[in-house]
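Here's the structure we're looking at; comments come further down.
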């Protein structure tokens, strides 16, 4: 039995899929220790995994349901700054101080500290990613959006991003290296060394949804989705069950870990209710981090409900196209109405449209009750969306993403 450390940094949509990996590793007899934010402690321990909490600042526990756009930008800038990444990394090191791990698994924000830590411990590491970031001619890194600059331009965008990261965080990485007793190194040289050694990067999405580019180097693989397990003993709220039983399948609205102000959440909640009414559809509105609300005879509001249970009972899902929510909709075999906002969301929104499971996306900044109602009507009236979604579901169901991660891990441990 090996002890495997999983450093899971991000929103719920970033952390939850990694619990699916952790559970598969535990079922194979390994001890799994997950390092993440206190907010996700119950999610992690509810799966039977060990949890090590990262300390957080008092102000980081502020109400996520009342964050202005300016506050969100300032918070993200502080998090991504060299100082923010150094603070995060130091807290990761503190959380793992007493653990003797045999292998580290690193989400993207964990790599700055994770690479030096693995080197200092003399153990292997694996990158775990939910959106394509590696250089390819097929598309630029997904966090840059849904555009394409052609083969050369797409590769150039990825190289530019790598150089920017290596330059900005040179001091941060070498600070960790010094703290861990390692000599200082050029971050570019360290990156070249990882490439030359074929450092394993595993992408947790379906090759049916987005095939592996032919120009990726060996060691970078698309292995399939990683499904979060349901919490032990979970039962659906009785009120929600009654609502679902009392009429046709509803449209689910789920904007996941999107944060916004109270005033903006009220506007969006009203917009969603008006669009459902105009489309003649029943609705289930998940509050999410935005704190959306619902009222009316044909609408119900819910909090945390496992997507695999809820989405499978829907006629379609309106969502922000975060990687985890998009995956859950595809797993359920239901059409999507994409309302992307930032980062990789436009990338996945365009992909859903290309696959024929969603109409053209509505960018969040252009969302109105009228265009959302029209998108709902189109999605529910055109059977091709549901047929395509059902076909994709069947192919995705045949994949075993977590199983392929287990295979790579056990090869590294052998």
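Read-outs: derived from the displayed coordinates by stated rules, not from any lab. None of the values given here were measured: they were computed from a predicted structure. FYI the Cβ positions are ideal-geometry reconstructions off the backbone, even for glycines, and counts take in every protein chain you see.
Arranged by the count of other C-beta atoms within 10 angstrom, fewest first, what order do 364, 212 take?
Details: 364 19, 212 16.
Final ranking by Cβ density, sparse to dense: 212, 364.
In which sequence would 203, 192 go, from the one with the fewest C-beta neighbours within 10 Å to the one with the most?
Details: 203 25, 192 11.
Ordered from fewest to most neighbouring Cβ atoms within 10 Å, 203, 192 come out as 192, 203.
Can you give me the relative contact order of the chain as a percent, contacts being Cα pairs under 8 Å and 6 or more apart? Intermediate values should be presented prior to the final figure.
On the way: 758 pairs, mean separation 67.5, N = 414.
It comes to 16 percent, rounded to a whole number.
Could you state the angle between the C-alpha long axis of helix 111-121 and the longest principal axis of the C-alpha atoms of the chain, as a value from 0 to 90 degrees rounded to the nearest 10?
Approximately 40 degrees, to the nearest ten.
Under 19 Å from the 7 Å Cα→Cβ point of residue 381, by amide nitrogen: which residues of region 300-339?
Backbone N within reach: 315-318, 335-338.
What distance in nm lies between label points placed 7 Å from Cα along the C-beta direction at residue 178 and residue 27?
The modelled label-to-label distance comes out at 4.6 nm.
Taking neighbour counts of Cβ atoms within 10 Å as a proxy for exposure, in what order, fewest first, do 245, 14 appear?
Details: 245 8, 14 23.
In order of increasing Cβ crowding within 10 Å: 245, 14.
Mind telling me which of 82, 228, 141 comes out most flexible in a GNM of the chain, alpha-carbon contacts under 10 Å?
82
How far apart, in nm, are two points set 7 Å out from the Cα along the Cα-to-Cβ line at residue 411 and at residue 55?
4.0 nm
Counting only C-alpha contacts under 8 Å and six or more residues apart, can you give the relative contact order of region 280-414 as a whole percent? Intermediate values should be presented prior to the final figure.
Numbers: 180 pairs, mean separation 24.0, N = 135.
In percent, rounded to a whole number, it is 18.
For a quick size check, give me the Cα extents of region 238-397 along its three principal axes, largest first, whole Å.
38, 36, 26
How much FRET efficiency would the formula 1/(1 + (r/R0)^6) give for residue 168 and residue 214, where r is the Cβ-Cβ distance and R0 is 30 Å, rounded to 0.05? Don't skip to the answer; put the middle values down first.
Values: r = 31 Å, r/R0 = 1.02.
Calculated transfer efficiency: 0.45.
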